[in-house]
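Participant: Following this message is one structure expressed as structure tokens.
Read-outs: derived from the displayed coordinates by stated rules, not from any lab. Owing to the predicted nature of the structure, the values given are computational and were not obtained by experimental measurement. Neighbour counts are summed over all protein chains in view; Cβ atoms, including those assigned to glycine, are modelled from backbone coordinates with ideal geometry.
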Amino acid sequence: MDNSKIILDVDTGTDDAMAIITAVCGLGDRLMAITVTHGNLPLKFTLENTLRVVELMGGKVPVYAGMPDPMVQKMSPGRTENQRKQKYRQEHDGKQLAVHDDYLNLPKATIKAEKQHAVSFLVETLRETEEKITIVAVGPASNVGMALRMDPSIAKNIKQIIVMGGGHEAVNITSAAEANFFWDPEAAQIMIKADCPVVIFPLDATTSILFGKDDAKTIKSLDNPWSEFFGNLIEHWCDRLTLLGISNNMEDSTDNGIAMHDVFCILYLIDDSFIEVIKKQNCDVDFGGSFCDGRLVVDTRSYTEPEGDIKVVYKLNKKRVLELLLEILKNK
């Protein structure tokens, strides 16, 4: 178990909210701050959603607003528009529906973000810390990438970076890329090449197990406000994916299931016994601006030298994940 202090970097839509809840319940005082970036939604929404979830969980964790845009990508007009992207917004019965609603179904936040910019906070904190800090990055890497670009030496004070992003065989936003890496490829490359240990949970791992409405009921049976909201998120997301025509059929059911992508990065810091396959590999992120923009490039050649220094997770155990979640979400 990693006992270091944690900074969680999010772009809060649905699975980020689940990750925040899991982090507050499972990490306690080790969760020192949450930084927010663009991603699932524009920054004004991801920030408000983060504040709403933090307030649900007691409002004690400081929140820092960060990058509203990718580091470089928008400087090239048409770079993302020329891609054949997944449809994550469409009209249904006269209403515009999206994978992630603009606002989570929680009361408007009364707590405020800290005044300091998230990138400045990361640089300052990592420069001054006496003990190494773990970064958990579950959105586009803009905040983390920019901090490392401003001062690469801060990597020496990072114990490890746990990343949800990329995909070796599994992709979503385009035919080659996963959304987090696609929305800021340059930052993702900077982040995974930082001079510190890196662990990546790509789509291959996060979609290897799915959760449906029966699982939501089990989680809601814990009978506390955050578990109720956690279960509601699963149910709502299952329904939304069905309406959008995004099929994630579960092995043991014909129902649509959801992948709790970001949650696994938090669980890894608490108990990694849910991981069935993990490999050390050489990795890069393509930022060439063409069809493979944002693609996680994994070197799978058997004769590659030297051995890769990035840990890539490939398969998870659902039964163990549920056991851990039910234990963690009991209390906060």
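Participant: Can you tell me the relative contact order of the chain? Whole percent, Cα pairs under 8 Å, sequence separation 6 or more.
Facilitator: Relative contact order, the chain: 21 percent.
Participant: Taking 0.36 nm per residue of sequence separation and subtracting the Cα-Cα distance, how much length would be gained by fully extending the chain between Asn224 and His236, in nm to one decimal?
Facilitator: Value of the extension gain: 2.5 nm.
Participant: Looking at the chain as a GNM with Cα springs under 10 Å, which of Pro185, Pro197, Pro225 has the largest mean-square fluctuation?
Facilitator: Judging by the Gaussian network model, the answer is Pro225.
Participant: I would also like to ask the following. Would you mind checking Lys5/Lys315; Lys159/Lys318; Lys159/Lys311; Lys5/Lys318 for any pair whose Cα atoms are more than 18 angstrom apart?
Facilitator: Those over the limit are Lys5/Lys315; Lys159/Lys318; Lys5/Lys318.
Participant: May I ask which residue of Phe230, Tyr314, Phe181 lies farthest towards the positive end of the charge dipole of the range 5-328, with charges of +1 (Lys, Arg) and -1 (Asp, Glu) on Cβ and the Cα centre as origin?
Facilitator: Of the candidates, Phe181 comes out farthest on the positive side.
Participant: Quick one: among Lys95, Lys318, Lys112, which has the greatest mean-square fluctuation in a GNM of the chain with alpha-carbon springs under 10 angstrom?
Facilitator: The residue with the greatest mean-square fluctuation here is Lys95.
Participant: In whole Å, what is the distance between the alpha-carbon centres of the range 289-332 and the range 1-53?
Facilitator: About 19 Å separates the Cα centre of the range 289-332 from the one of the range 1-53.
Participant: Which residue fluctuates most in the GNM of the chain (Cα springs below 10 Å): Gly289, Gly165, Gly231?
Facilitator: So, out of Gly289, Gly165, Gly231, the one fluctuating most is Gly289.
Participant: What distance in nm separates the simple spin-label points at Leu326 and Glu114, each placed 7 Å from Cα in the Cβ direction?
Facilitator: So the two model labels end up 3.7 nm from each other.
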